[in-house]
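Here is the structure we will look at.
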Amino acid sequence: MAAELPLNQDTIDFSLSTFAGQVGPLVGLTLLYHPDTARVGQVAPLLSLSIGGTRKLSRLEPDFCRHGDDTGQPLASPVLSRTPIVIRAVDADALSIENPAGLSAVTVHGRALTGPLTVSAAELSRGVVIGLSGCVLMLLHRISAEADPHPDQGILGESLEIRRVREEVRRVADLEASVLIRGESGSGKELVARAIHAASHRSSAAYVSVNMAAIPPSVAASMLFGHAKGAYTGAQAPSPGFFGSADHGTLFLDEVGETPREIQPLLLRAIREGEIQPVGESRARKVDVRVLSATDADLEAMVERGQFGMPLLRRLEGYTIAVPPLRERRDDLARLFFRLLRRELTETGEAYKLDEPEPSQKPWLPASLVASLLEYRWPGNVAELETIAKRLAITNREHRSFHLDRMIAERLGGAEPKEAEATGAPRPRASAPASAPAASAAGPRKDAAALEDEEIVRAMRQHQFKIKVVAEALGVSRSWLNVRLETCQGIRKAKDLSREEITAAASASNGDLSAMAERLEVSEHGLKLRMKALEQAPR
């Protein structure tokens, strides 16, 4: 039926709910950064690309909305151009991003879009970061066409990967099967366990969480299965143990790969037979416990080495849920970051910093920081993101303008997103790790983390504030340099220039942009963006 509709593929737009239940994943855009940070996470489905058409992207189109909403709004920022870039379906597996008007403020993965760029299916799966005018970031990727029928569950996000996790939680929650939750450290495995318990028939009973890595082998049996009074020196009262405390409820065994080898047969019996033997008691007793477990270890390799029992592994993995790492949830990264940052700023009484700025003001948080977050590999996953959000809130306490401390700049500046190699996606340039300082034509350079403000200022002036040239001279990435400049003393930002300063510089330089930029000590690109913003701002 769709083929019979008189579709204008250049302008047509669809809400997500319009096609709910009718189509699979679509190509779409997710807002990663916008001056109105409340809009971060909104999506624009580009259905016309799925049927071989084109889609324009500008200040005026398409509309972005929350999943499931029928109406949305365009990007609308006055800094953005009304002249569109074009996203075009090349074939079933590839798209093309085109900049027909040669707009200077369009970037893909932080690099200026000077000609048509083909995006492969692998690149689309990872997501392509599109920037407009230094103030809006979007991810071009595959999105779901449907409102999530199982939202939240304490597991935040809208990525296809996290929706799959929520669906698996729903599928297994009301059963009695043991569930093994696998994923990297900090990826949110316990959130999944809590969601399973909350959606189960045992939700009104106890939920007991145990970190197996924190239990000494000498007392593991007592702590897990309980003990009788006087069972050993110091046992002045009987204890039900973790299994006894979780009777009729749920027991979550985190870091289950750390279970002592001598305890594993007892744990297997408790799960298989529902029976435990408290230390010091002559008779076993029955318990009704559902066991959930989690690990970031390679249990199969541990089985081969004789460190973990195969029967126990098979019993634990009645059903397995794999939690994706944060780097595979790039559209969720910005959603989670702003949620965490808003929470931390609320703690310091400064949540207003994320409010939408007035037209004459700049946003408190720079888009360049969010761009750097997207390049980072996130070995600590969501737990590490939470740490960075907390540190940003605390280090910026009582600062009116944004302040980036050196620890975060060093961490984000030294990231090398290796997963891009596997997907074939364009790899954002990043500075070398501290252990491998970069070199340039001018000779070996210092570690990026060791660069002082004076060195950066000197290089900026020497190279006429051309960011690409300065980054190459210093042996760092452009993305790292953009972030570092936010805290560099002695460097003016083009976005801080007043109308009067620019007018005076234009008069003194006869309107020559390069001479104006050198006089004002800002980049030509930044000056052009500032001039454009002032033209569109009320006088």
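The values are calculated or read from the model by the stated rules, or taken from the named source; none is laboratory data. Computed from a predicted model, the values in this text were never measured in an experiment. As a convention, Cβ positions derive from the backbone with ideal geometry for all residues, glycine included, and neighbour counts pool all protein chains shown.
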Where Arg339 falls short, out of the listed (1) modelled with pLDDT of 95 or more; (2) touching a helix residue (DSSP H, G or I) at 6+ places or on another chain (Cβ under 7 Å): (2)
The range 106-134 residues that are within 24 Å of Pro25 (Cβ to Cβ) and assigned to a helix (DSSP H, G or I), paired with ones that are basic (Lys, Arg) and modelled with pLDDT of 90 or more (beta carbon under 7 Å, 6 or more apart): Leu124/Arg142; Ser125/Arg142
Some residue of the range 302-324 being part of a helix (DSSP H, G or I), within 23 Å of Lys189 (Cβ to Cβ), of a type in the set (Val, Ile, Thr) and not assigned by TED's automatic domain parsing to the domain that holds Val128: yes
Residue count for the range 1-41, restricted to those that are modelled with pLDDT of 85 or more and either out of contact with any Gly (no Cβ under 8 Å at 6 or more places or on another chain) or surrounded by fewer than 22 Cβ atoms within 10 Å (Cβ to Cβ) (or both): 14
Of residues in the range 233-272 being among the charged types (D, E, K, R) and assigned to a helix (DSSP H, G or I), the one surrounded by the fewest Cβ atoms within 10 Å (Cβ to Cβ): Arg272
Sole residue being under 27 Å from the mean Cα position of the chain (by Cα), surrounded by 18 or more Cβ atoms within 10 Å (Cβ to Cβ) and modelled with pLDDT of 80 or more, chosen from Ala471, Ala448: Ala471
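Conditions tested, residue by residue: (1) closer than 29 Å to Glu452 by Cβ; (2) among the basic types (Lys, Arg); (3) surrounded by fewer than 16 Cβ atoms within 10 Å (Cβ to Cβ).
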position: Leu481; (1), (2), (3): yes, no, no
position: Cys488; (1), (2), (3): yes, no, no
position: Asp496; (1), (2), (3): yes, no, yes
position: Gly511; (1), (2), (3): no, no, yes
position: His525; (1), (2), (3): yes, no, no
The lone exception for Val382 - which of (1) in contact (Cβ under 8 Å) with a residue 60 or more places away in the chain; (2) out of contact with any Ser or Thr (no Cβ under 8 Å at 6 or more places or on another chain) it fails: (2)
Unmet criterion (only one of (1) assigned to a loop (DSSP other than H, G, I, E, B); (2) modelled with pLDDT under 75) for Ile491: (2)
